[in-house]
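For reference, the structure is listed below as structure tokens.
The values are calculated or read from the model by the stated rules, or taken from the named source; none is laboratory data. Everything numeric in this text was worked out from a predicted model, so none of it was measured. Every residue, glycine as well, gets a Cβ built from its backbone with ideal geometry; the counts of neighbours run over all protein chains shown. The area values use the complete protein model at the heavy-atom level, side chains included, leaving out ligands, DNA and RNA. Shrake-Rupley method; radii C 1.70, N 1.55, O 1.52, S 1.80 Å.
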Amino acid sequence: MNMKKTKGNTEIQLPNAQFIPEIIKFMEEGHTITLRLKGYSMRPFLENDRDRALMKLATNPKVGDPVLAEIGHRHYVLHRIIAIEGDTVTLRGDGNISTEQCRLQDVKGEVVGFYRKNRQTLDRTDGRKWKVYSWVWTRLFPVRRYLLAFYRRMWIPCFGAA
């Protein structure tokens with residue numbers, strides 16, 4: 001567990017295996033939650049330790065939705081659903097090439113929107129901006145590897161994370 005003080009607030013960081021089950025309990029009680037994102041699997045749209053996701057309990061996950069899912073015992077990811085076949089859900093992070101799978105019941109939260117680039121306004125997942133981004137980015141999958149390599153090796157060193 002890490003603790004740090006920022007602007008009069010205390011921030012506590014816990015391992016996901018401890019923290020996420022507690023978050024899921026809050027969502028099951030009907031609350032929405034906001035999580036600071038960790039990791040690089042949703043690049044280039046979302047960045048590690050910069051962006052936040054507003055989530056609610058998953059009720060009707062669909063292909064294309066970004067969701068919080070348990071892909072192994074206490075191993076959670078926030079990825080996009082790319083396929084649902086029966087009870088099997090296939091997930092892929094926007095910054096990933098490979099996929100992961102879970103059962104439909106293991107999809108715990110659905111993202112309502114993202115607070116990007118430390119902004120206070122929400123980019124809703126049902127809004128035009130997210131839908132256009134999603135439509136374009138998911139169709140670029142065959143060349144995504146090259147776009148992500150350019151982003152990591154050229155864009156970030158020159159301009160920082162978008």
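With θ taken as phi - 60° and the coefficients 6.51, -1.76 and 1.60, list the Karplus ³J(HN,Hα) couplings across segment 37-49 in order, rounded to whole Hz; mark glycine and proline as x.
Per-residue couplings from phi come out as 7, 10, x, 10, 6, 10, 5, x, 6, 10, 10, 4, 6 Hz.
Using every alpha carbon pair in segment 25-162, what percent of pairs falls into each 5 Å bin from 0 up to the bin containing the largest distance?
The percentages, shortest bin first, are 2, 10, 19, 23, 22, 14, 6, 3, 1.
What ranking, highest mean first, results for peptides 38-44, 72-78, 115-121 when packing means the other Cβ atoms within 10 Å averaged over each residue?
Working: 38-44: 17.7, 72-78: 14.7, 115-121: 11.6.
Highest-to-lowest ranking by the protection proxy: 38-44, 72-78, 115-121.
Using Cα springs under 10 Å in a Gaussian network model of the chain, which residue among Val89, Val112, Val143 shows the largest mean-square fluctuation?
Val143
Compute the accessible area per residue over the chain, keeping the other protein chains in place, probe 1.4 Å, unit Å².
I get 60 Å² per residue for this part.
Return the sequence-ordered ³J(HN,Hα) values of segment 138-149 in whole Hz as given by the Karplus equation 6.51 cos²θ - 1.76 cosθ + 1.60 applied to θ = phi - 60°, using x for Gly and Pro.
Karplus-based 3J(HN,Hα) across segment 138-149 equals 5, 7, 8, 3, x, 10, 4, 3, 6, 5, 5, 4 Hz.
Calculate what fraction, in whole %, of the accessible area of segment 1-116 sits on carbon and sulfur atoms when a 1.4 Å probe is rolled over the protein chains.
Values: 2980 of 6150 Å².
That fraction is 48 percent.
I'd like the Karplus ³J(HN,Hα) series for segment 86-91: coefficients 6.51, -1.76, 1.60, θ = phi - 60°, whole numbers in Hz, and an x wherever there's a Gly or Pro.
x, 9, 9, 10, 9, 10
Taking amide hydrogens as modeled 1.01 Å from N in the peptide plane, which residues meet the under 5 Å criterion relative to Gly95, leaving out close sequence neighbours?
It is Met42, Arg43, by chain and number.
Just to be sure I understand: with springs between alpha-carbon atoms less than 10 Å apart, which residue in Leu37, Leu57, Leu14 has the highest mean-square fluctuation in the Gaussian network model of the chain?
Leu14
Test of understanding: in a Gaussian network model of the chain with alpha carbons linked when under 10 Å, which of Gly95, Gly86, Gly109 would top the mean-square fluctuation ranking?
Between Gly95, Gly86, Gly109, it is Gly86 that shows the largest mean-square fluctuation.
Just from its helices, what would the mean residue ellipticity at 222 nm be for the chain, if runs of 4 or more DSSP H residues each count -39500 (n - 2.57) and the sum is divided by every residue, rounded to the nearest 500 deg cm²/dmol?
-6500 deg cm²/dmol
Can you list residues from other chains, or at least 5 along the same chain, whose modelled amide H is less than 5 Å from the amide H of His79?
Excluding prolines and chain starts, which carry no amide H, the hits are Val67, Ala69.
Counting only C-alpha contacts under 8 Å and six or more residues apart, can you give the relative contact order of the chain as a whole percent?
Relative contact order, the chain: 18 percent.
Over segment 68-162, what is the mean sequence separation of C-alpha contacts under 8 Å (at least six apart), divided by residue count, expressed as relative contact order in percent?
Normalised by residue count, the contact order of segment 68-162 is 18 percent.
Amide H to amide H, which residues 5 or more places from Gly113 or on other chains are under 5 Å from it, using H placed in the peptide plane?
Sorted by chain and number, the residues that satisfy this are Leu54, Thr125.
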